[in-house]
Amino acid sequence: MSADDVAERIKSMEIRGAAEIARRAAQALKEEAEAYQGKDLKELRSRMERSRDLLIASRPTAISLWNGVQYVFKDTSKLTSAEEYRAKVMDNADTFIRRSRNALRTIGKLGANRIRDGDKVMTHCNSKAAIAVMAEAWAQGKRFEVFATESRPWRQGVLTANDLANLGIPVTMIVDSAVRYVMKDLDLVLVGADTIASNGALINKIGTSQVALAAHEARVTFTVCAETFKFSPRTIYGEMVKIEERDATEIVKAGEVPPQVKVFNPVFDATPPEYIDSIVTEIGVIPPYAAYQVIVKELGQEFMFNEE
Ligand code: RUB
């Protein structure tokens, strides 16, 4: 699929979820490089850079997309032929996709240790990382049940409920506003991440911070499942994470309210680190306050000081 197509599908949410958009963008860049038959490095570079910019602009919040795309261009600036450049881009894309899939498996294994037999778990939105943890714990024979929030306005909770039901995991759907009401009976919250900032703040689907607040109040453990490519090197430079706002029609249909009514539709929010017990990554279970070290150590050489 072309980069233009993938960017459009990411924008329209046909392709969604922070890790998936990163993998699909890397794959699109790989295919674009693969399809180039010419010998003109300058032309290839400019085509690839156009696609890179298009993909990065397709959704603004998830740093995974930016990290994934940057990875595809790793060590390409000094290459001198179109063949070398093409091969490097393709190899980088494959490596990123493979690492991201491996990370998901490792997160599943490490996170599963956090689920105990008989637990009542809540999840919000539809995170493949959080689901990997529940899938692994279930496969290990642990028996627990899950409360999945609806996650308005896109209702990704329906996807989660289907994913869990297909695995045989008992799941109850609730509306987002029922979170605090059911929280007092729960043991654990497991959510994914679009971005983790250098101070350990979590940026995830709108409503995550309310879930965290309710968990904090009820002393329910709040755990984030996030690959290291969800950590943002850009926040180390002081950059704020851009919170995507989507169209009003996702909340109200045309004509439902008079035109003077404003509609505000932010689709992500920030949960402060003090509400997060731990973050399950492929390099271990860490406190949110270790985010800075993760960025420097894991992503440092590859992303931070590399202007490519
Ligand atoms: C999805 C969302 C998910 C994270 C993590 O939002 O907020 O919790 O992206 O997902 P949207 P994963 O539906 O708007 O993309 O663990 O699959 O990367």
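The values are calculated or read from the model by the stated rules, or taken from the named source; none is laboratory data. Note that the structure is a prediction, hence the values are computed from the model and not measured. Reconstructed Cβ throughout: ideal geometry from the backbone, glycine too, with neighbour counts over all protein chains shown. Calculation scope for accessible area: heavy atoms of the full protein, side chains included, ligands and nucleic acids excluded. Shrake-Rupley method; radii C 1.70, N 1.55, O 1.52, S 1.80 Å.
Of note:
- Approximate spin-label separation LYS39-SER12, in nm, with each point projected 7 Å along Cα-to-Cβ: 4.0
- Helix 156-167 vs. the chain, principal-axis angle (Cα, 0 to 90°, nearest 10): 80
- Spacing of the two label points (7 Å from each Cα toward its C-beta) at PHE264 and ASN162, in nm: 3.3
- Comparing ILE251, ILE279, ILE97 in a Gaussian network model of the chain, where Cα atoms under 10 Å apart are tied by springs, the biggest mean-square fluctuation is seen for ILE251.
- Fluctuation leader among ASP94, ASP247, ASP119 - the chain, Gaussian network, Cα springs under 10 angstrom: ASP247
- Nearest-0.05 FRET efficiency for THR172 and VAL252, computed from C-beta distance (R0 25 Å): 0.35
- Taking the chain as a Gaussian network of alpha-carbon nodes connected by springs under 10 Å, the highest mean-square fluctuation of the residues ASP269, ASP176, ASP91 belongs to ASP91.
- Converting the Cα gyration tensor eigenvalues of the stretch 200-281 into ellipsoid dimensions via √(5λ) gives semi-axes, longest first, of 30, 18, 10 Å.
- Surface listing: TYR36, TYR237 arranged by accessible area from highest to lowest gives TYR237, TYR36, probe 1.4 Å.
- Helix 128-139 axis versus longest C-alpha principal axis of the chain: approximately 60°, rounded to the nearest ten.
- Ordering 103-111, 71-79 by mean Cβ neighbour count within 10 Å, with the highest value first, yields 103-111, 71-79.
- Using bins of 10 Å that start at zero, the share of Cα-Cα pairs per bin across the chain amounts to 6, 27, 33, 22, 10, 2, 0, in whole %.
- With R₀ set to 41 Å, the beta-carbon distance separating GLU244 from GLU83 gives a calculated FRET efficiency near 0.60.
- Averaging the sequence gap over all C-alpha pairs within less than 8 Å and six or more residues apart, then dividing by the number of residues, gives the chain a relative contact order of 18 percent.
- Rel. contact order, % - alpha carbon contacts under 8 angstrom, at least six apart, the stretch 162-274: 32
- When both bridge partners sit in the chain, DSSP labels roughly 35% of those beta bridges antiparallel.
- Taking label points 7 Å from Cα along the Cα-to-Cβ direction, ASP187 and ALA218 give a separation of 1.4 nm.
- Mean Cβ neighbour count within 10 Å, used as a protection proxy, ranking 258-265, 285-292 highest first: 285-292, 258-265
- With 10 Å bins beginning at zero, the pair-distance distribution over Cα atoms of the stretch 88-207 amounts to 13, 41, 33, 10, 2, 0 %.
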